[in-house]
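Here's the structure, in C-alpha cells; my notes come after.
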Amino acid sequence: MGKKREITDIFDANCKRTGKTLVRGEKPKEGEYLMAAAAIVRVKESYLVTKRSPRKSMAGKWEFPGGGSRTGEEPIETLRRELEEETGIVVCSHQATFLRQVYYDKFHLLMQVFLVESNAKREDLKLQEEEVCDAMFVNHRELAQLYSHMTDIDKQIYTEAVSPMLLDGLQ
C-alpha cells in the first residue's frame, strides 16, 4: 500500500474556506491559498528551532515547527498536531497565543503563527525523522544569527512575527 494522500482545504485571501480541496503537493490556482500553522515555542527566554531532514526540500535549513492544515482542521488543531508529530511536544490550547498571519505568496500560503509557552527540554523532544533531523533552544540573539540559515518562509515569520514580538518586550 502507498502513502495516504493528504487532502487540504483551499482558502481565499480573507481566510475563508472556498469549499474546494487539494491533494497535498498540488499547487493552488491564483487567488487560492493553503492554510498552515507555525509554533514559536518559548521556554523561559529560549526559542525552539528545528532543522529540516535531509529527505526534505530545503534540507538542513532551520525553521519553526509547524505545517499544513488538513481538511476541516482549524489552525490551532494544525498547530497542536504538527508540534506533537515533529517534536513530541503536547500543547493545550491555553498555552498557544495567536501572534499574526503571514502571507507567503510563493506557495500561496496563509501561515497562522502562534506563540507557545512550554517547559520542554531538549532531552524531552521526540523528533520525527522524516521531518526533523535536529532541534535546539536558542536565545533571541542566537535566533537572529540563525536567520541566514532559515527557510524563506521562516525568515518571513521571523521578520513579521518574532522580531516585532521581541521588540515589544514579550521576550
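The values are calculated or read from the model by the stated rules, or taken from the named source; none is laboratory data. The structure displayed is predicted, hence computed values, not measured ones. Neighbour counts run over all protein chains shown; Cβ positions are idealised from the backbone, glycine included.
Among the numbered conditions (1) in contact (Cβ under 8 Å) with a residue 40 or more places away in the chain; (2) among the basic types (Lys, Arg); (3) closer than 18 Å to Ser69 by Cβ, the only one that Lys4 does not meet is (1). Scanning region 128-171 for residues that are closer than 23 Å to Gln112 by Cβ and in contact with an Asp or Glu (Cβ under 8 Å, 6 or more places away or on another chain) yields Gln128, Glu131, Val132, His140, Met150, Thr151, Ile153, Asp154, Gln171. Filtered by the rule that a residue be out of contact with any strand residue (DSSP E or B) (no Cβ under 7 Å at 6 or more places or on another chain) and either more than 24 Å from Phe98 (Cβ to Cβ) or buried (at least 19 other Cβ atoms within 10 Å of the Cβ) (or both), region 132-171 gives Arg141, Glu142, Gln145, Ser148.
Criterion applied to Val162, Val91, Val113, Val132 was being touching a helix residue (DSSP H, G or I) at 6+ places or on another chain (Cβ under 6 Å) and modelled with pLDDT under 95, and the one residue passing it is Val91. The set of residues from region 55-92 being over 23 Å from Pro164 (Cα atoms), in a helix (DSSP H, G or I) and free of Cβ contacts under 8 Å to residues at least 40 places away in the same chain comprises Glu77, Arg80, Arg81, Glu84. Of the residues making up region 124-171, those that are among the aliphatic types (A, V, I, L, M) and in a loop (DSSP other than H, G, I, E, B) are Leu125, Leu127, Leu146, Leu170. Restricting attention to region 61-75, the residues that are within 23 Å of Leu127 (Cβ to Cβ) and of a type in the set (S, T, N, Q) add up to 1.
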